[in-house]
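Accompanying notes for the structure given below.
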Amino acid sequence: MNAPQAITVTLNPAIDQLVTLDALLPGQVQRALGSVQAPGGKGINVAAALAGLGISTAALGVLGRDNAGIFEALFAQRGIADACLRVPGQTRTNIKLVADGGRQTTDINLPGLALAEAHLDAVMSTLARYLRPGLAVVLSGSLPAGLPADSWARLQAQAVAAGADVLLDTSEAPLAAALAAPHAAMPWAIKPNREELQAATGLRLDGRDALLTAARSLLDRGLGLAVVSMGEEGALFATAQGAVIARPPQRARGSSVGAGDAMVAGMVAARLRGLDLADTARLSTASALAWLQAVPAREVDANRVQALAASVLLESCQWP
Ligand SMILES: O=P(O)(O)OC[C@H]1O[C@](O)(CO)[C@@H](O)[C@@H]1O
């Protein structure tokens, strides 16, 4: 493969076990309607969606050697360069309980393999081989036990220093640590939901104005694009050009697992294509919708995304 346009980093990948139920009844014995396994974890899903969007992509991360086959099959099938380290043991399996015809998904995410700082060093050494100005670097997901809360911040600093565009999709202390970076080391983009942004900034973000003010202050501090997902209300996209709320034209059925990762892939594709704010919001939302419509395939089709993008509803926002 030639030098990829994007690399995703997943420090805590997962095999997703999707268990379909009529309805979720806590505390009761239930029989499942079906169950399938799929390779997942945030950056792995982003890589799968990027491949569908026609972006040449490498996947970097840490896989347990004992059940790496399901990831290797995905990489081979989608033409994703496998840059993942292998460590002894098994990658975690996360349980996704999909009920009510796909209208409700309950995620039970397990802790995963415990890693050591030496693993982070090994990931940084591998990343260094790919880094170049303009490379899109996606740092995605939770941190496994054993890694310090500033692990993403360190990878972010390394990638930004090399001139790469960093999209960070994480939460809690790792997000707060990364957003505490100096202006020159801030990520290009983030994609928290309202609660995650609230937790990372310590601000109450109840109304739209509070959200816009928080986004504006991050843009002033060096961020290029703030995307805040708001569930059924759509997602806020804010850049120095302004802010819009994007909503899909219809709600898709099926498990929502990975739809946010497909949105991240859309943000990256928009960046690589040099799209403006409105088209970035359209492409990213369409990418998430295409993923949802393809459930359980875990892919996006570039032609479908292009068609869906035209139907995304945009509402301009005024800065408060
Ligand atoms: O990295 P986290 O936050 O534990 O989330 C991992 C989960 O998120 C997903 O990537 C969906 O976004 C699943 O494939 C995976 O099970």
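The values are calculated or read from the model by the stated rules, or taken from the named source; none is laboratory data. What you are looking at is a predicted structure, and each value in this text was computed from that prediction instead of being measured. Counting neighbours? That spans all protein chains shown, and the Cβs are built from the backbone with ideal geometry, glycine included. For the accessible areas, the whole protein counts, side chains as well, though only heavy atoms, and no ligand, DNA or RNA atoms are used. Shrake-Rupley method; radii C 1.70, N 1.55, O 1.52, S 1.80 Å.
Over the stretch 99-210, one equal point on each Cα, no solvent: what is log10 I(q)/I(0) by the Debye formula at q = 0.13, 0.18 Å⁻¹?
Log10 of I(q)/I(0), two decimals: -0.57, -0.97.
Using only the Cα atoms of the stretch 6-317, build the gyration tensor, take square roots of its eigenvalues as a ≥ b ≥ c, and label the shape rounded, prolate or oblate: rounded if a/c is under 1.5, else prolate if a/b is larger than b/c, else oblate. All intermediate terms of the calculation are to be shown ahead of the outcome.
Numbers: a/c = 1.38, a/b = 1.07, b/c = 1.29.
It is rounded, given that a/c, with a ≥ b ≥ c, falls under 1.5.
I want to check the label-to-label distance for A32 and A128. Put each point 7 Å from Cα in the C-beta direction and report it in nm to one decimal.
Distance between label points: 4.3 nm.
Assigning unit charges at the beta carbon (Lys, Arg +1; Asp, Glu -1) and nothing else, what dipole magnitude in debye, to the nearest 20, does the stretch 6-317 show about its Cα centre? Walk me through the numbers before you get to the answer.
Values: 25 positive and 26 negative charges, 72 e Å.
Charge dipole, the stretch 6-317, about its Cα centre: 340 debye, nearest 20.
Distance from the Cα centre of the stretch 77-124 to that of the stretch 135-212, in angstrom?
Using only Cα atoms to place each centre, the spacing works out to 19 Å.
Between S56 and I95, what is the spin-label point distance in nm, taking each point 7 Å from the Cα along the Cα→C-beta axis?
In this crude spin-label approximation the distance works out to 4.3 nm.
Where in the stretch 133-156 does the amide nitrogen come within less than 14 Å of the point 7 Å from the Cα of R221, taken along Cα to Cβ?
Only 153 fall inside the zone, counting backbone N under 14 Å.
Which of the peptides 43-55, 176-188, 107-119, 145-157 is most tightly packed, and how do the rest follow, judged by the mean count of other Cβ atoms within 10 Å per residue?
Details: 43-55: 27.3, 176-188: 17.8, 107-119: 14.5, 145-157: 19.5.
Ranking, from highest mean packing down: 43-55, 145-157, 176-188, 107-119.
Name the residue farthest towards the positive end of the dipole of the chain from the options G79, A184, C317, assuming +1 on Cβ of Lys and Arg, -1 on Cβ of Asp and Glu, about the Cα centre.
Checked the options; the winner is G79.
Share of the stretch 6-317's accessible area from carbon and sulfur, percent, 1.4 Å? All intermediate terms of the calculation are to be shown ahead of the outcome.
On the way: 6480 of 12490 Å².
Percent of accessible area from carbon and sulfur atoms in the stretch 6-317: 52.
For a Förster distance of 25 Å, can you work out the FRET efficiency between the beta-carbons of L313 and T201, rounded to the nearest 0.05? Can you show the working numbers first?
Details: r = 27 Å, r/R0 = 1.10.
It comes out at approximately 0.35.
In debye to the nearest 20, how big a dipole does the stretch 233-320 give about its Cα centre with +1 on each Lys and Arg Cβ and -1 on each Asp and Glu Cβ?
Values: 8 positive and 7 negative charges, 32 e Å.
My answer is approximately 160 debye.
Over the stretch 6-317, average the accessible area per residue using a 1.4 Å probe and give it in Å², no decimals. Walk me through the numbers on the way to the answer.
Values: 12490 Å² over 312 residues.
Heavy-atom accessible area per residue stands at 40 Å².
How high is the relative contact order of the stretch 10-110, in percent, counting Cα pairs under 8 Å that sit 6 or more residues apart?
34 percent
Trypsin sites (Lys or Arg not before Pro), restricted to the stretch 176-230: which are DSSP loop and have at most 10 other Cβ atoms within 10 Å? Could the numbers behind the result be given before it?
Values: sites: R194, R204, R208, R216, R221; in loops: R204, R221.
Passing both the DSSP loop test and the Cβ count: R204.
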